[in-house]
Amino acid sequence: MYDVIIIGAGPGGYIAAERAGHAGKKVLIIEKDQLGGVCLNWGCIPTKALLNSSKRFYEATHSEDFGVDVASAAFNLEQAQARKQKTQETLRKGIAGLMKKFKVEVVTGIAEIIEAGKVRVGDETYEAKDILIATGSSPAKPPIPGHDLDHVVDSTGILQVESLPESLAIIGGGVIGLEFACFFGSVGVPVTVIEMMDEVCPGIDADISKVLRDELKKKNVTVHLKSKVTHIEKDAVYFEKADKEEKADGALCLMATGRVPNTVGLGLEALGVELDRGFIRIDEQGKTNVPGIWAAGDVTGKVLLAHVASRQAEVVVNSIIGRSDRMRYHAVPAVVYTSPEVASVGFTEAQLKDDNVPYVKGKLPFGANGRFLAENAGRGMVKVLVHKERRTLLGVHLIGASCSEMVHGFATMIETELLVEDIQEIIFPHPTASEAVKDILFTL
């Protein structure tokens, strides 16, 4: 008999296991594949490893202005893949070590909840008072004619390419699509991104998205907005744009069209667990409508980000052990790991307009910032949104080098509802790009 059974060992599951184990609970975690889930094995970590390799190559071949001789640089995909693999193996060992440290039992297999408090894996049945579902999500596969051709891959398959394609067509201009566009474009592959919506990366402030598209053009990336893919053929993707059929070259085609929850086979229907479009419905503590059944991560459909999964898992464990906690989604930082990076937290201007929230805004190009100008080529920008009456920070949106490493500070400011005047009294280190936010706040 366990205190907690966790199904899924991604950033929601293994964090929950670590926290529950640390709290003295007897924990079992069940994983059908590898520790770390999608994030470590087929998502966050491998893509960032490859993106870093491509960024280094791009900088090596575009650094004449910085006094660098770029004549002899070459990109070795095999070596980049090997480094990616080594990184993943190191982190898997780290998670396994944490499970051992906190006395978490790990079982490999496919789990099914046969009734409240009971989980079956193969011929074995395990029992616990509380069960946490953290099974994550998988790439969506819309039935576009030609989607099953050999050269068409999803976000998992594209991580395994052994050679650079002559061209790449990406269906979907969200975070996944743009990150792979940046990787391949930066190493010289012509990339075409086809997006149905009015702008790339829905959810990012429109001013930031425009700068990102402009910067990606410099890296062999062409973006088509308001475009609908009609079919895929060998070496090409066909789409409709402004009532005209167009063609994008694609010796390799990436389907980056969103994700679906991994709930099939868990036994949720028989248990009566409420679903919403296939995602598990939860409250702010992570509870489902069935007592003793909890959920965290992508499978809930709230915000499909690894750090949200980890925080949801912490809230669940805290709720189980009797510590007051709840999820708050208004200050979740998000990052697009393109080059330049995009980072944001809080509301976008469009959201504030839709909700009729009174606000003032400020924008500042990073080119006015000493650290950014000294170290970077290309454009960057910071945009802040402030409540017009309360003077609290509502949103911060950035595009530029290393903005992913500073956005958590602005998340803290939003979470704690600091006034603009409070932020103006904080000392920002100089020279740093983060100073741009303080500079623009003094104008509001």
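The figures follow:
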quantity: Contact order relative to length of the stretch 117-193, as percent, for alpha carbon pairs under 8 angstrom and 6 or more apart; calculated: 20 percent
quantity: Separation of the Ile426 and Arg56 label points, Cα + 7 Å toward Cβ, nm; calculated: 3.2 nm
quantity: Length released on extending from Gln351 to Thr156, taking residue separation times 0.36 nm less the Cα-Cα span; calculated: 67.0 nm
quantity: Hydrodynamic radius by Kirkwood, which averages 1/r over all alpha carbon pairs of the stretch 161-258, in angstrom; calculated: 13.2 Å
quantity: Amide H contacts under 5 Å for Thr222, placed H, 5+ residues apart; calculated: Val191, Thr192, Val193
quantity: Probe 1.4 Å, accessible area per residue of the stretch 280-412, Å²; calculated: 43 Å²
quantity: Inter-part distance where the stretch 365-441 and the stretch 153-217 are each reduced to a Cα centre, Å; calculated: 26 Å
quantity: Hz values of 3J(HN,Hα) by residue in the stretch 141-152 - Karplus curve (6.51, -1.76, 1.60), Gly and Pro given as x; calculated: 10, x, x, 6, x, x, 5, 9, 5, 4, 8, 9
quantity: R0 of 41 Å, Cβ-Cβ distance Glu245-His408: FRET efficiency to nearest 0.05; calculated: 0.35
quantity: Share of carbon and sulfur in the accessible heavy-atom surface of the chain [1.4 Å probe, %]; calculated: 50 percent
quantity: Highest-fluctuation residue, Leu393, Leu50, Leu352 considered, GNM on the chain with Cα pairs under 10 Å; calculated: Leu352
quantity: Length-normalised contact order of the chain in % [C-alpha pairs under 8 Å, at least 6 apart]; calculated: 15 percent
quantity: Cα gyration tensor, the stretch 329-444 - rounded (a/c under 1.5), prolate or oblate; calculated: prolate
quantity: Among the listed pairs Lys217/Lys244; Lys118/Lys302; Lys48/Lys302; Lys32/Lys219; Lys48/Lys118, those beyond 29 Å (Cα-Cα); calculated: Lys32/Lys219; Lys48/Lys118
quantity: Residues of type aspartates and glutamates that Lys101 reaches as a straight line, Cα spacing below 14 Å, ignoring anything fewer than 8 places off in the same chain; calculated: Glu18
quantity: Net length gained if the chain between Glu415 and Glu389 were fully extended (0.36 nm per residue, minus Cα distance); calculated: 7.6 nm
quantity: Where no second cysteine Cβ lies under 4.7 Å, the cysteines concerned in the chain; calculated: Cys182, Cys201, Cys253, Cys403
quantity: Neighbour-limited loop hits for chymotrypsin sites (Phe, Trp or Tyr not before Pro), the stretch 328-359 (at most 12 other Cβ within 10 Å; DSSP other than H, G, I, E, B); calculated: Tyr329
quantity: Anisotropy class of the stretch 78-145 from Cα gyration tensor, a/c 1.5 cut; calculated: oblate
quantity: Segment Ala116-Asp439, length gained on full extension (0.36 nm per residue, minus Cα span); calculated: 110.8 nm
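The values are calculated or read from the model by the stated rules, or taken from the named source; none is laboratory data. All values reported here derive from a predicted model rather than from experimental measurement. For neighbour counting, all protein chains shown are included, and Cβ atoms are generated from backbone atoms with ideal geometry for every residue, glycine included. Surface areas here come from the heavy atoms of the whole protein model, side chains and all, with no ligands, DNA or RNA. Shrake-Rupley method; radii C 1.70, N 1.55, O 1.52, S 1.80 Å.
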